[in-house]
Amino acid sequence: MRISQTSAMIAALVLLASVLGGRADSTETAHGQRTTGRSVEAPGCVADGRLQLCFSSPADHGGSDPAVVAGINRIFDTAGAGDSLRIAMFRWDSASSADALIAAQERGAHVELVVDRDVVTNRVGRNLVQTIESGDPSARHVVVCRGACLPWRGSGPAPPSQDINHLKLILAEISGQQSVTTTSLNLEGRQYVQANSLLQMFDASVYAYSLRYFERLRAQSNLGWDDGDKRQAGAGGSPDIAVYPSRTDLLISTLRQLRCAKGMNTIDVMHAVIQRYDIRAALGRLQRSGCRVRIVVTRDLIENWLEAPFTLPGGGKIDLPDRDVKTLVTHDKVYAIHAMWRGKEAYLVVTGNSNATCGGLLYNDEMMVRLRGKWVWEQYRSHVLRAFRNAHHSRIKLVPVQARCR
């Protein structure tokens, strides 16, 4: 049975949001086409060669912005006979996206799903899983993981609400073109009021690596992988990829390799949840050494914890300025960095779907990506600074105590 809301309605909402938000620079290409070079693809989206980015900023669009989910639906809408879509997802109650994926399978696309058990706790998700599984009886198309698909890397027990398939990952091969999409956005109704972003990478090496990871998710086994195999360094400008659970972390290793210098001193962060002591300490060290660190999180309590003065294990006091830490309804995970990295000036972006939590490192299925280049940094930095301007300071005084990772 087809779910009532259609992806066409979402496209109309995107266009309306663009008009209301005054985005005079946004133009939409012919449906289903990806432009080359640096261009605007659709309201809220831009493309540059091998990358397409989409950003939702509800505060700039009357409180609701469907740009990122529309970007996902466009991927599904372009798939047909001879194409393939492989998707790993934590939550799914978006009827428009479910309709678009079911329609792709009906047009002849090969569809595989690896989902968290959360997906089948609602009507839309259950219908999607049942329809995709029954739509092609030739193979097992759906895997529902109970907890994380891959084995933990922590000593356990998992923190509350962790041990999950937290991925928002789409592997697409459409008309011979391979892409990997990772996003901060769960396919659920509240997505429209959250700030989010989407990264689509048209890169054969990223696709090949992500496909190997996807097969391990399906098998619910590392199949001989250790933590060293959960990182792929990009070559020739390709993105660096990290997958989890793992005891190695792309984010903390990036932050620890930074230093700031004149004209290279900005660390702009929108990370929904930051609860790890090592991430807080790394950001504090950078701020203390002369970096301008601006941070947007999604909860007042997290803001308060980041702003509270603390002492580093080796000595030295950290006190992030209250004016530079704010709160917004966001689900994003973005670090836009202009600083010295590995001894040279660099424009970096670290993004993906993992929160800075113990679960996001050691207990959940996650993916993080590191991008290099001024153009991509400019796009993500603008997104973060828009959020920073729209954010507010904490309205409560309580400072929580966070559990340490184990």
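Structure data summary
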read-out: Number of the exception - Glu345 against (1) buried (at least 22 other Cβ atoms within 10 Å of the Cβ); (2) part of a strand (DSSP E or B); value: (1)
read-out: Yes/no for Ala272 being over 15 Å from Val325 (Cβ atoms), touching a Ser or Thr at 6+ places or on another chain (Cβ under 6 Å), of a type in the set (A, V, I, L, M, F, W, C) and at pLDDT 95 or above; value: no
read-out: Every pair of residues 6+ apart whose Cβ atoms lie under 9 Å, when the first sits in the range 389-401 and is farther than 22 Å from Cys358 by Cα while the second is aromatic (Phe, Trp, Tyr); value: none
read-out: Filtered residues of the range 137-148 (kept if touching a residue at least 12 places away in the same chain (Cβ under 8 Å) and over 10 Å from Pro245 (Cβ atoms)); value: His141, Val142, Val143, Val144, Cys145, Arg146, Gly147
read-out: Residue in the range 368-403 that is surrounded by the fewest Cβ atoms within 10 Å (Cβ to Cβ), counting only those that are assigned to a loop (DSSP other than H, G, I, E, B) and polar (S, T, N, Q); value: Gln402
read-out: Residue under evaluation Arg406, criteria (1) assigned to a loop (DSSP other than H, G, I, E, B); (2) more than 30 Å from Asp116 (Cα to Cα), criterion not met; value: (2)
read-out: Conditions (1) modelled with pLDDT of 65 or more; (2) on the phi > 0 side of the Ramachandran plot; (3) surrounded by fewer than 24 Cβ atoms within 10 Å (Cβ to Cβ); number of the one not met by Gly44; value: (3)
read-out: Single unsatisfied condition, Thr351 versus (1) touching a residue at least 24 places away in the same chain (Cβ under 8 Å); (2) over 27 Å from Pro66 (Cα atoms); value: (2)
read-out: Residue match in the range 353-371 (condition: in the same structural domain as Ser289 (by TED's automatic domain parsing), over 17 Å from the mean Cα position of the chain (by Cα) and among the basic types (Lys, Arg)); value: no
read-out: Candidates Thr248, Thr266, Thr330, Thr254, filtered to the one that is assigned by TED's automatic domain parsing to the domain that holds Val369 and without any contact (Cβ under 8 Å) to a residue 24 or more places away in the chain; value: Thr248
read-out: Restricting the range 166-185 to residues that are assigned to a loop (DSSP other than H, G, I, E, B), touching a residue at least 60 places away in the same chain (Cβ under 8 Å) and out of contact with any His (no Cβ under 7 Å at 6 or more places or on another chain), the residue that is surrounded by the most Cβ atoms within 10 Å (Cβ to Cβ); value: Leu167
read-out: Test: residue in the range 256-269 that is within 18 Å of the chain's Cα centre (by Cα) and surrounded by fewer than 22 Cβ atoms within 10 Å (Cβ to Cβ); value: no
read-out: Any hit, the range 311-326, residues being in contact with a Leu (Cβ under 8 Å, 6 or more places away or on another chain), buried (at least 22 other Cβ atoms within 10 Å of the Cβ) and assigned to a strand (DSSP E or B); value: yes
read-out: Filter result for Ala235 (under 29 Å from Arg153 (Cβ atoms), modelled with pLDDT under 95 and not charged (D, E, K, R)); value: yes
read-out: Scope the range 191-213; condition in contact (Cβ under 8 Å) with a residue 60 or more places away in the chain, buried (at least 22 other Cβ atoms within 10 Å of the Cβ), assigned to a helix (DSSP H, G or I) and not hydroxyl-bearing (Ser, Thr, Tyr); matching residues; value: Gln191
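The values are calculated or read from the model by the stated rules, or taken from the named source; none is laboratory data. All figures in this text were calculated on a predicted structure; none of them were measured in a lab. Glycine gets a Cβ as well: all are built from the backbone with ideal geometry, and neighbour counts include every protein chain shown.
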